[in-house]
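**Student:** Can you read through this structure? Questions will come right after.
The values are calculated or read from the model by the stated rules, or taken from the named source; none is laboratory data. If you're wondering where the values come from, they're calculated on a predicted model, not measured in any experiment. FYI the Cβ positions are ideal-geometry reconstructions off the backbone, even for glycines, and counts take in every protein chain you see. What goes into the accessible areas is simple: the full protein's heavy atoms, side chains included, and nothing from ligands, DNA or RNA. Shrake-Rupley method; radii C 1.70, N 1.55, O 1.52, S 1.80 Å.
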Amino acid sequence: MLTAYKKALPLLRIPFSIYLMPVFWFGLSALRGPWSGWRALGVFVVLHLLAYPASNGYNSYYDKDEGSIGGLKTPPKVTPELLHLVWAFDALAVAGAALLSLPFAALVVVYLLISKAYSYEGIRLKKYPLLSTLVVVVFQGAFTLLMTQVGVGATTAQLFEKSNLLLALVSTLFLCGSYPLTQVYQHEEDARRGDRTLSLRLGIRGTFIFAAVGLLAGAAALGLAYWLRQEIRPLLIFLVATGPVVALFGRWAWLVWHDETAADFEHTMRMNQVSSLCLSAAFIVMLLWR
């Protein structure tokens, strides 16, 4: 029995959850005023080690992927034990969140339910390209940023300060640009399952154009937010840290334009890794500089 659970564990894709770190650090760097460091650690554990893996595992349970998926080039076969792990991680996420605060726990419950609606065969938002994209970019972007801030003890005034809400919108715009790129190598498998993802509808080249527009809109909104807050230094840090991301994206887009087979698992994971590390580094430096 224990062996079966060990075989199912990789499908939670815990290392892949780390790619969502930038929203966590962005949420902390955006807060004006005090927040709790120990609670920040608790929020990180709840989201990145429990809630996100539970969502990953639930998605894998219903997708039953045979090809590469985010964080796993050759995923193991789905078994009933995977669902048991998902429920356990769900319970631990909610319990851990409740230890921090009940409002944070309520937001975690909402996040977990929405993530299941994305994959569950009876609802499966993933079948609808526009709706699924909207749900993902809002809940993994603005919702998660604000949820993080609630978890670390932000006040209502901090949360609903205009520039903070604008930065929450920025996180959604960045997700809107990057999310279709995570689907670009899965067109064949998504089509086989009947999932009309946004990337599949856009096509490979269209996905890169859409991503460029979304990321550019996010950068413009970020610049506006920092200008309104009279915080030029964070903007400069962001521009320097994202230089490698822009260069890598441009290089990848050039390769894909000449050979669409370059829109593969390896290039997608490299883009995820570099962008996650660079963005996280930028927001951490902003925090330390304060």
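**Student:** What order, most packed first, do the peptides 41-54, 265-278 have when packing is the mean number of other Cβ atoms within 10 Å of each residue? Intermediate values should be presented prior to the final figure.
**Tutor:** Numbers: 41-54: 21.9, 265-278: 17.1.
Most protected by this proxy first, the peptides run 41-54, 265-278.
**Student:** With θ set to phi - 60° and the Karplus curve 6.51 cos²θ - 1.76 cosθ + 1.60, what are the ³J(HN,Hα) couplings of region 124-137 in order, to the nearest whole Hz, using x for Gly and Pro?
**Tutor:** Each residue of region 124-137 in turn: 6, 4, 4, 6, 10, x, 6, 5, 5, 5, 4, 4, 5, 5 Hz.
**Student:** Please report, to two decimal places, log10 I(q)/I(0) for region 124-224 at q = 0.22 Å⁻¹ as given by the Debye formula with identical point scatterers on the Cα atoms and no solvent.
**Tutor:** Listed by q, the Debye log ratios stand at -1.05.
**Student:** Rolling a 1.4 angstrom probe over the protein chains, ignoring ligands and nucleic acids, what is the accessible area of Val23 in square angstrom, nearest 10?
**Tutor:** 20
**Student:** Return the calculated 222 nm mean residue ellipticity for the chain, to the nearest 500 deg cm²/dmol, obtained by summing -39500 (n - 2.57) across DSSP H runs with n ≥ 4 and dividing by the residue count. Don't skip to the answer; put the middle values down first.
**Tutor:** Working: 16 runs with 208 residues, N = 290.
It lands at -22500 deg cm²/dmol.
**Student:** Within 10 Å, count the other beta carbons around each residue, average over each peptide in 5-11, 147-153, and list them highest first. Please list the in-between numbers first.
**Tutor:** Details: 5-11: 17.3, 147-153: 24.1.
Put in order of decreasing packing, that is 147-153, 5-11.
**Student:** Taking a probe of 1.4 Å, how large is the accessible area per residue of region 148-290, in Å²? Walk me through the intermediate numbers first.
**Tutor:** Details: 6910 Å² over 143 residues.
Per residue, region 148-290 has 48 Å² of solvent-accessible surface.
**Student:** Hey, another quick one. Could you work out the percent of alpha carbon pairs in region 73-141 separated by over 14 Å, rounded to a whole number?
**Tutor:** Numbers: 1614 of 2346 pairs.
Here the long-distance tail beyond 14 Å is 69 percent of all Cα pairs in region 73-141.
**Student:** Please calculate the 1.4 Å probe accessible area of Leu202, with all protein chains present, and give it to the nearest 10 Å².
**Tutor:** For Leu202, the solvent-accessible surface is approximately 60 Å².
**Student:** Now a separate question. Give the cross-link partners of Lys127 among the lysines, using a straight C-alpha distance below 26 Å as the criterion and excluding same-chain residues fewer than 8 apart.
**Tutor:** Reachable lysines: Lys64, Lys73, Lys77, Lys116.
**Student:** Using a probe radius of 1.4 Å on heavy atoms only, what accessible surface per residue do you get for region 1-100? Whole Å² is fine. Each step should come with its number before you reach the end.
**Tutor:** Numbers: 4510 Å² over 100 residues.
Averaged over the residues of region 1-100, the accessible area is 45 Å².
**Student:** Over the chain, what relative contact order in percent results from Cα pairs under 8 Å that are six or more residues apart? Walk me through the numbers before you get to the answer.
**Tutor:** Values: 383 pairs, mean separation 64.0, N = 290.
Computed value for the chain: 22 percent relative contact order.
**Student:** Whenever you get a sec, compute what percent of the accessible area on region 43-202 sits on carbon and sulfur atoms (1.4 Å probe). The partial results should precede the final answer.
**Tutor:** On the way: 4520 of 6550 Å².
C and S fraction of accessible area: 69 percent.
**Student:** Hey, got the dipole for the chain? About the Cα centre, +1 on K and R Cβ, -1 on D and E Cβ, debye to the nearest 20?
**Tutor:** Values: 23 positive and 16 negative charges, 76 e Å.
I would put it at about 360 debye.
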